[in-house]
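Okay, structure first, notes after.
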Amino acid sequence: MEDEREIIKLFKYIREREENISRYSNKLRETLVQIANLFGLPPKIYVSVKVRDDEPFYEDENAYYFLEISFSELKIASKDKEKGIFNWYFFFEGAEKEMLKELIKSKRLIPFLHKVAETLKEKEDEYKRVSEIAEKMAKAIAIQT
């Protein structure tokens, strides 16, 4: 009788723990989806260049996982350990809960967003220089005509 009560208590405890893990996992996913949904076509934040993080935030037996923005979408890129190529992309909605947990634990989101900002600044400076050259060329052509 005592064993039966102990087993019932343990099952209840196990169920509660798993329900809590599921609830926290869902909160984590929802938060990351909100962050990812900030990027996209205007009026969202449009990012015209592809940027991939330099460091993986997670690895398993088959792959390394990196943050990436491409086509103005924040996603997870996986690099096959054996082949050394990027071959899978995940959106936060479909990523495994363990992967999302490791993303937050790794603290790679903020350094990655800094990299995106720096990449865009470099691209902005490049376009500024080129447009200034083009303006000078246009002025030179106007003088000749």
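The values are calculated or read from the model by the stated rules, or taken from the named source; none is laboratory data. Note that the structure is a prediction, hence the values are computed from the model and not measured. Virtual Cβ from ideal backbone geometry, glycine too; neighbours counted across all protein chains shown.
Report, by residue number, each residue of region 68-87 that is at negative phi and either exposed (fewer than 14 other Cβ atoms within 10 Å of the Cβ) or of a type in the set (Val, Ile, Thr) (or both).
Ile69, Ile76, Asp80, Lys81, Glu82, Lys83, Ile85, Asn87
For region 52-67, how many residues are within 20 Å of Glu118 (Cβ to Cβ) and either surrounded by 14 or more Cβ atoms within 10 Å (Cβ to Cβ) or among the hydroxyl-bearing types (Ser, Thr, Tyr) (or both)?
Going through region 52-67 one residue at a time, the tally reaches 6.
Which condition number in (1) more than 25 Å from Ala117 (Cβ to Cβ); (2) modelled with pLDDT of 95 or more is the one that Leu32 fails?
All conditions are met except number (1).
Without any contact (Cβ under 8 Å) to a residue 24 or more places away in the chain, over 22 Å from Val47 (Cβ atoms) and not basic (Lys, Arg): is that true of Glu82 in this structure?
Answer is yes for this residue.
If you go through region 84-105 one residue at a time, do you hit one that is basic (Lys, Arg), within 23 Å of Asn26 (Cα to Cα) and out of contact with any helix residue (DSSP H, G or I) (no Cβ under 9 Å at 6 or more places or on another chain)?
Yes, region 84-105 has at least one match.
Being free of Cβ contacts under 8 Å to residues at least 40 places away in the same chain and more than 17 Å from Pro111 (Cα to Cα) is true for just one of Glu93, Glu18. Which residue is that?
Exactly one residue qualifies, and that residue is Glu18.
Working only within region 107-145, note down all residues that are among the β-branched types (Val, Ile, Thr) and surrounded by 12 or more Cβ atoms within 10 Å (Cβ to Cβ). First the steps, then the outcome.
Of the residues in region 107-145, the ones among the β-branched types (Val, Ile, Thr) are 110, 116, 119, 130, 133, 141, 143, 145.
Selection gives Val116, Thr119.
Give me a count of the residues in region 19-58 that are among the small types (Gly, Ala, Ser) and out of contact with any helix residue (DSSP H, G or I) (no Cβ under 6 Å at 6 or more places or on another chain).
3
Would you mind stating whether Met137 is assigned to a helix (DSSP H, G or I) and out of contact with any strand residue (DSSP E or B) (no Cβ under 9 Å at 6 or more places or on another chain)?
Yes: the conditions hold for Met137.
Which one of the conditions (1) out of contact with any Lys or Arg (no Cβ under 7 Å at 6 or more places or on another chain); (2) touching a residue at least 40 places away in the same chain (Cβ under 8 Å) does Leu100 fail to meet, given that it meets all the rest?
Just one mismatch for Leu100, condition (1).
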